[in-house]
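Below is one structure, written out as structure tokens; the observations come after it.
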Amino acid sequence: MTDVRPLKIGITCFATFGGSGIVATEVGLAMAARGHEVHFIARTLPIRLDPAMPGVFFHEVVEPDHDVLQPDGAYPIALASKIIEVTRRFHLDLLHVHYAVPHATAAWLARAVLGAEAPKLVTTLHGTDITLVGTDASYLPITRFSVLQSDAITTPSVFLREATWTRLDLPRSLAITVVPNFVDTATWHPPAKRNRRPLQERFADLRDTDAVLVHVSNFRPVKRIADVVAIFQAVHAQRPARLLLIGDGPDCAHAEQLLAAAHLQDRVAFLGRQEHFADWLGAADVFLLPSESESFGLAALEAMACGVPVVASDVGGLPEVVAHGMTGFLAPVGDVAAMAQHVLALLADRGLWQQMSWAALDRVARFFQADAAMDAYEAVYRDVLKGP
Ligand code: GMT
């Protein structure tokens, strides 16, 4: 008989602007909507989390104020302590942690303390936890150990599953379930009518014929912001264009410098961090994601859900999201000339653009629906709870 009782689920994630926190939050909210009780355990309220939703609880991880710990911080210990406290108070069935270190590590510690009362552990890996942090020689043993302590492991792409087996030197017999990231098409959809008014408010001299390119990220080196600028510069040299930059991070200032040096600062709007940017995507022609590495590329999926073709790097999990030649174009990492040509081809041929826009919507509807992802995660949860 299938076990259908509502579960008590603890979710741990980074609360900052970033794909892993967003996916964790959306999973938690969707599970609560399915009748489960969901406890978010994080340093701050994760973005996009509505703690007023029935069945959703938020538990803040506060690092104890001990002088001796001040200089070094004690976040993983504080997190493990909070997991212990929440588990004991609410009798959690399972913990679903997002991003290997320190979350799976803290969960392992909490479970060791909890012993027989320990909840099951599901770890979702997101990308840089394996490709960057996890393979840093000093973190590798702890990442590998923490991943191995999980009752179930998931990745958002086949690429990341492969990278996890290879880079952590794990046997392929170790089950890793691929659950692709997803979008809620009630939020991420094309506008009923293309509305350029918000653009006109940003750019007083905007013309109807100006092309609009968008990039969304955390502006870290892995996103290759200089390539975003170079692609935009090459496109703008051929036809008037505007660039919307959404998000914030260490490479924002560098982008500003590059744009100023190219005398393009008036053609660009820095919109900062935004929780919901579907309206901006609704006014866009092409989404740019020329990353160095990307386990999935959630921002590209959100653009596709809004009917915006994507031009991105042919790397990591991006080919699993963007179908080259159908919902956008892929080019080798760093090949800004090819990416600019792809953008220009899309801008020059409205028929091609429309075809790709529809294909993007169709691909999202077929492969990246929230409900299908929730069914997959629920199946993982039920499976681990059946185990010893
Ligand atoms: O995009 C980032 O660098 C943030 C990072 C994160 O950990 O929040 O995103 C990763 O997880 C997302 C959700 O699964 C993926 O869509 C991103 O592709 C992935 N980033 C990288 O692999 C660089």
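Within the range 37-66, the set of residues being free of Cβ contacts under 8 Å to residues at least 40 places away in the same chain, in a strand (DSSP E or B) and surrounded by 14 or more Cβ atoms within 10 Å (Cβ to Cβ) comprises VAL38, PHE40, ALA42, VAL56, PHE57, PHE58, HIS59. Could you check, for the range 76-83, whether at least one of its residues is within 16 Å of the ligand (Cβ to nearest atom), assigned by TED's automatic domain parsing to the domain that holds LEU114 and closer than 24 Å to GLY127 by Cβ? So far as the range 76-83 goes, no, none of its residues is within 16 Å of the ligand (Cβ to nearest atom), assigned by TED's automatic domain parsing to the domain that holds LEU114 and closer than 24 Å to GLY127 by Cβ. Report yes if some residue within the range 87-104 is among the basic types (Lys, Arg) and either in contact with a Lys or Arg (Cβ under 7 Å, 6 or more places away or on another chain) or buried (at least 21 other Cβ atoms within 10 Å of the Cβ) (or both); otherwise report no. No: zero hits. Checking the range 8-31 against the condition returns no match, with no residue being among the acidic types (Asp, Glu), open to solvent by 30 Å² or more (accessible area, probe 1.4 Å) and not in a helix (DSSP H, G or I). Residue count for the range 67-87, restricted to those that are in a helix (DSSP H, G or I) and at positive phi: 0. Scanning the range 203-226 for any residue that is within 16 Å of the ligand (Cβ to nearest atom), outside the structural domain of GLY317 (by TED's automatic domain parsing) and within 27 Å of the chain's Cα centre (by Cα) turns up nothing.
Residues in the range 365-388 that are in contact (Cβ under 8 Å) with a residue 12 or more places away in the chain and touching a strand residue (DSSP E or B) at 6+ places or on another chain (Cβ under 9 Å): PHE368, GLN369, ALA370, ALA376, TYR377, VAL380, TYR381, ASP383, VAL384, LEU385, GLY387. Looking across the range 127-183, the residues that are more than 19 Å from the chain's Cα centre (by Cα) and hydroxyl-bearing (Ser, Thr, Tyr) come down to THR135, SER138, TYR139, THR143, SER146, SER150, THR166, SER173.
The values are calculated or read from the model by the stated rules, or taken from the named source; none is laboratory data. Predicted, not measured: the structure shown is a model, and the values here were computed from it. Virtual Cβ from ideal backbone geometry, glycine too; neighbours counted across all protein chains shown. Quick note on the areas: whole protein, heavy atoms, side chains included, nothing else; ligands and nucleic acids left out. Shrake-Rupley method; radii C 1.70, N 1.55, O 1.52, S 1.80 Å.
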